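I have placed the structure first, in the form of structure tokens, so that the comments after it can refer back to it.
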Amino acid sequence: MTERLSTVQVALVGLFVTALVTAQLTAAKVLAVDSPLTLPLAGDTLFLPGAALAYALTFFASDAYAELYGRRAAQVLVNVAFFLNFVMLALVWSTIAAPVAPNPPVGAEAFAGVLGPSTSIVVGSLAAYLVSQNWDVVVFHDLRDVTDGAHLWLRNLVSTGTSQLIDTVIFVTVAFFAVPAALGTGDPLPTSALAALIVGQYVLKLLIALVDTPFVYAIVGFARRSKRSEPTVTTTE
């Protein structure tokens, strides 16, 4: 059996996995971004994990992928990428555990501190990913069926907006409260701090969802116009 993979398909898979791995490695850093408006719970400063931008790109890639290649292909992408998280973690942890050379340019402790994600971050991000990404695919295609394939902007905004909310609540609650409280890996954040993190992260993700809608249209339109003429990669099964 021969399957032809388009350049756009390979690029979207690559973008999804790259953004996902980057999000996993940058999630531990908490950012503080000044807001032009004073928001409920968050105030005039938005606090959000460093992974917020990278992770938002995964929804952009998965929505474009789902529109072009269907529900099953999108669910395969999401669930295979989930297990690739463990490959990335195994590679990082094995590198941290390996012997370090004398006088390295980056010390072992600094390397582990930056690249070694904490238990709470790993558990929170994986739980949030598994639920929110599958929710995104299901809602996207349910809306596609309801609208008979019309209103791509509606599918993109509703699926991404709701899944980002689910992702944010699960990640922040698990990583910064539930796991530290259950395993004693740190001090659980108070409710006010959790609320501020949830609002800050979700506001940014929602803005990205609004901004990325034209780009989803552009990618989908380009892929459909160039379907017959673009270079392909052929794999033999």
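The values are calculated or read from the model by the stated rules, or taken from the named source; none is laboratory data. Just so we're clear, the structure is a prediction, and the values are computed from it rather than from any experiment. Every residue, glycine as well, gets a Cβ built from its backbone with ideal geometry; the counts of neighbours run over all protein chains shown. Side chains included, ligands, DNA and RNA excluded: accessible areas come from the protein's heavy atoms. Shrake-Rupley method; radii C 1.70, N 1.55, O 1.52, S 1.80 Å.
Points worth noting:
- Region 125-237, relative contact order [Cα under 8 Å, separation at least 6], %: 26 percent
- Overall, the accessible surface of region 123-179 at a probe of 1.4 angstrom is composed of carbon and sulfur to the extent of 76 percent.
- Estimated [θ] at 222 nm from DSSP helical runs (n ≥ 4, -39500 (n - 2.57)) normalised by residues in the chain, nearest 500: -23500 deg cm²/dmol
- The chain, relative contact order [Cα under 8 Å, separation at least 6], %: 31 percent
- Peptides 194-205, 209-220, 145-156 ordered by average Cβ neighbours within 10 Å, highest first: 194-205, 209-220, 145-156
- Computed extension gain for Arg71 through Val30, at 0.36 nm per residue and net of the alpha carbon distance, reaches 11.4 nm.
- Amide H within-cut-off set for Val30, under 5 Å, with H built and near neighbours excluded: Gly50
- Of the DSSP H helices in the chain, those whose Cα atoms cover at least 20 Å axially and whose Kyte score averages -0.5 or more: 7-26, 52-69, 71-97, 119-146, 152-173, 191-225
- Cα-based shape type of region 5-84, given that a ≥ b ≥ c are square roots of the gyration tensor eigenvalues and the cut on a/c is 1.5: prolate
- For region 120-237, the gyration tensor built on C-alpha atoms gives a prolate shape. Its axis ratio a/c (a ≥ b ≥ c) is at least 1.5, and a/b is the larger of a/b and b/c.
- Net charge over other residues, Cβ less than 13 angstrom from the Cβ of Phe215 (K, R count +1; D, E count -1): -3
- Region 180-205-region 19-64 distance, computed between alpha-carbon centres (Å): 13 Å
- Each of the peptides 92-101, 124-133 was scored by the mean count of other Cβ atoms within 10 Å over its residues; in descending order, highest first, they stand as 124-133, 92-101.
- Shape category assigned to the chain from the gyration tensor of Cα positions, a/c cut at 1.5: oblate
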